[in-house]
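For reference, the structure is listed below as C-alpha cells.
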Amino acid sequence: MNVFGRAADHHEQVVFCSDPASGLRAIIAIYSTVLGPALGGTRFYPYPNEDAALADVLNLSRAMAYKAACAGLDLGGGKAVIIGDPQKDKTEALLRAYGRFIQSLGGRYYTACDVGTDVQDMDIIARECQFVTGRSAAYGGSGDSAVLTAFGVMEGMRAAAEHVWGKPELNGRRVGVCGVGKVGRRLIEHLLAEGASVVVADTDSAAVDRVRDQHPEVESVAVDDLPTLAMDVFSPCALGAVLTDPLVHVLQAQVVCGAANNQLAHPGIDKLLHDRGILYAPDYVVNAGGLIQVADAIDGFSEPRARGRASQIFDTTRLVFALAEGEGVPSGQAADRIADQRMGEIGRLRSLWLPSRP
Ligand code: NAI
C-alpha cells in the first residue's frame, strides 16, 4: 500500500489507532495545524474496507482545514473515523480507548460529533481525554451542532439569493431539500418561516413523514426525482458526492446551497455548475455553523457569541461570490483561494519567534 503517496496529500499527520481487545480501529487525520489545533468530528461508520475509511478521513480533514480558515477561526483541520457499525460495535471501552489515543496527540487534534457519534459519546471519550468538544449541555457543551449548521446554511442561501435575484430573501422561492435529518429539518423551519415553499426527499420515509406531520404544506418526492423538478434552490443535506455530472446536467435550480460535506463528486463539477450558470455556494463555507458552535464551546459556550459568528457566513459567502465573479472562476475555487490566503497570511505569523514557544 502506498501510504505516503496518498496520506502525504499535504496532510501533516495520519495516525492509525488499534486496540484489539475493545475492537477499536480508528484513523485520525490531521491536515493542517497552521492556524491552530486541528478540530473535526469522529465518524463511526461501517466502511467496506480500510482504503475507503482512509480515503474518507483524508478528504474530510482537508475540508475541515478550509472550513475553519474561511470561517475566521484559529483552528486547523482534522477528522477521525472509527471503522465499525455504531449500532453494534460502539462500547464504553472502545470509546475510552479511542479517547486515550486522542489524548496522546497532546492537543494537536480536538474531536467532536459526526455521523455515527453523538454528544453522549463525546462525554465518554472525555473521561480519557481533554481535547473533546461538542459535549452535552450537562457538561457545559453546546449540544447539537445542527442548530447553528442549519442557521448558517440559511445565511449562505440568503447571500446566494441576493447574488442571483438582487434581494437576500427566500420569500416565494421554491427550495428542494435532499436529506431531512438533523440539519435538513431545521433548515426547513427557517425556510418556511421566511415564506419559501419546500419540497423534500429522503431515503428514510420515516424522516419524511416526521417533517410532513409537522408541516403538511411541505411536498415530498423520490430522491432521484428531486433534482429534476422546477425549483429555485437545490439544497443537499444528506451525504457527500451528490453533485455528479448526470445530476448537474438535469438540475433545474439556479442555486445550490446545502449542508452536506464534500458535495462535489469531483473537482470539475465546480466548473460544470459555473458553466451551466448555476450558483454553487461552497459547502464548507455555508455549513461552518456547526464548527463555529463546537469551537466556541472549547472555552465555555456562549450561544449569542456563536450565533453572531455564524451570522457572518452571509458576508463570507458574499465575498466568495464577488471574488468568483471578479476573477471569472467557479465559486468553489474562489473559496479555496480565500482559505489558502488566510492560512498563508496568518500561518506565517507563527514563524515570528516568541519566548514562550519552543
Ligand atoms: P443526519 O444523519 O441527521 O441526516 C441525514 C439524512 O439524510 C437522514 O435523514 C438520511 O436518511 C438522509 N439520507 C441518507 N442518504 C440519503 C440519500 N442518498 N438521499 C437522500 N437522503 C439521504 O445528518 P445531519 O447531521 O443532518 O447532516 C447532514 C449533512 O450535513 C451531512 O453530510 C453532514 O456531514 C453535514 N454536516 C452536518 C453538520 C452538523 O452539525 N450536523 C455540520 C456540517 C456538515
The distance between the Cα centres of segment 69-122 and segment 157-234, in whole Å, is 31
For the Ser22, Ala206 Cβ pair and Förster radius 41 Å, calculated FRET efficiency rounded to 0.05 is 0.80
The value for segment 283-358 (convex hull of the alpha-carbon atoms, volume per residue, Å³) is 115
Quick shape check on segment 40-95: root eigenvalues a ≥ b ≥ c of the Cα gyration tensor, a/c under 1.5 is rounded, otherwise prolate if a/b tops b/c, else oblate, and it reads oblate
If the chain between Asp224 and Gln312 were fully extended at 0.36 nm per residue, the gain over the current Cα-Cα distance would be 28.3 nm
Summing -39500 (n - 2.57) over every DSSP H run of at least 4 in the chain, dividing by its residue total and rounding to the nearest 500, the 222 nm mean residue ellipticity is -13500 deg cm²/dmol
The Rg/Rh figure for segment 206-358, Cα atoms and Kirkwood Rh, to two decimals is 1.05
Cα-based Rg then Dmax for the chain, in Å, read 19.9, 63
Leu170 neighbourhood, Cβ < 10 Å, K/R = +1, D/E = -1, net charge +1
On the formula 1/(1 + (r/R0)^6), with r taken between the Cβ atoms of Val329 and Ala193 and R0 of 56 Å, the FRET efficiency rounded to 0.05 is 0.95
Lys and Arg at +1, Asp and Glu at -1: neighbours of Ala146 with Cβ under 13 Å from its Cβ sum to -1
Per its Cα gyration tensor (rounded if a/c is under 1.5, else prolate when a/b beats b/c, else oblate), segment 65-115 is best filed as oblate
Checked segment 131-229 with the C-alpha gyration tensor, a ≥ b ≥ c its square-rooted eigenvalues, rounded below a/c of 1.5, otherwise prolate if a/b is larger than b/c and oblate if not; verdict oblate
Residue separation between Ala52 and Ala137 times 0.36 nm, minus their alpha-carbon distance, gives in nm 27.2 nm
Taking segment 4-60, the equivalent ellipsoid from its C-alpha gyration tensor has semi-axes in Å, biggest first, of 20, 14, 11
If the chain between Ser356 and Gln87 were fully extended at 0.36 nm per residue, the gain over the current Cα-Cα distance would be 92.3 nm
Calc'd 3J(HN,Hα), segment 301-307, phi into Karplus 6.51 cos²θ - 1.76 cosθ + 1.60 (θ = phi - 60°), Hz, glycine/Pro = x, comes to 6, 10, 4, x, 5, 5, 5
Semi-axes a, b, c in Å (a largest) for segment 1-149, each sqrt of 5 times a Cα gyration tensor eigenvalue, come to 21, 20, 13
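Only the coordinates and a few stated rules stand behind these numbers; no lab work does. All values derive from a computational prediction rather than experimental measurement. With ideal geometry, Cβ positions are generated from the backbone for all residues, glycine too; neighbour counts draw on all protein chains shown.
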